[in-house]
1. Looking at the stretch 87-100, can you tell me whether even one residue there is closer than 24 Å to residue 44 by Cβ and exposed (fewer than 15 other Cβ atoms within 10 Å of the Cβ)?
2. For the list (1) buried (at least 18 other Cβ atoms within 10 Å of the Cβ); (2) touching a residue at least 24 places away in the same chain (Cβ under 8 Å); (3) within 14 Å of the chain's Cα centre (by Cα); (4) more than 21 Å from residue 45 (Cα to Cα), I need the number of the one condition that residue 133 fails.
3. Give the stretch 79-90 a look and list any residue that's more than 19 Å from residue 114 (Cα to Cα) and part of a helix (DSSP H, G or I), or say none.
4. When the stretch 65-78 is examined, which residues are found to be farther than 18 Å from residue 113 by Cβ and either within 18 Å of the chain's Cα centre (by Cα) or surrounded by 16 or more Cβ atoms within 10 Å (Cβ to Cβ) (or both)?
5. Has the stretch 112-126 got any residue that is within 20 Å of residue 169 (Cα to Cα) and within 15 Å of the chain's Cα centre (by Cα)?
């Protein structure tokens, strides 16, 4: 029995679970978190979305957006991020957000996608606020858990936000 308990404990710890002194196995806290923020009146009512991801050390958030005329990016606490989105007038105003936890949190990879996206020209159908947000999310979750997200090309941001984020948390008002 002792060998069995040690084996289960070793497997659980390798999988990222937490094992108490009594041998009880509990799931580990998710490594990362990403959120998509929606401005439903943006882009002539087709919608506009922004992105955010929690820092690898859990101390803050990186967040921003791509617009046809410019890109922007900020860093701050979760409260600052939500406040910034709630008080911005960009693209008809951000109103709600949806989040999901991720098994991994590669902040450097996400940062690189932000920089690369900002360096590219904007394309309404194929390289826009939605497609870049998805690229950033996929890079951030190096576990591949978000690889199933559709790339968002030729998709209205409102439709994607409302119908494609299967398994994400509920829509929350800012």
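Bear in mind that the values in this text are calculations on the coordinates, not laboratory data. This one's a predicted model, so the numbers in the text were calculated from it and none came from an experiment. All Cβ positions, glycine included, derive from the backbone under ideal geometry; neighbour counts span all protein chains shown.
1. yes
2. (4)
3. If the condition is that a residue be more than 19 Å from residue 114 (Cα to Cα) and part of a helix (DSSP H, G or I), then 79, 80, 82, 83, 86, 87 are the ones that fit.
4. Hits for the stretch 65-78 are 76, 77, 78.
5. Among the residues of the stretch 112-126, not one is within 20 Å of residue 169 (Cα to Cα) and within 15 Å of the chain's Cα centre (by Cα), which makes the answer no.
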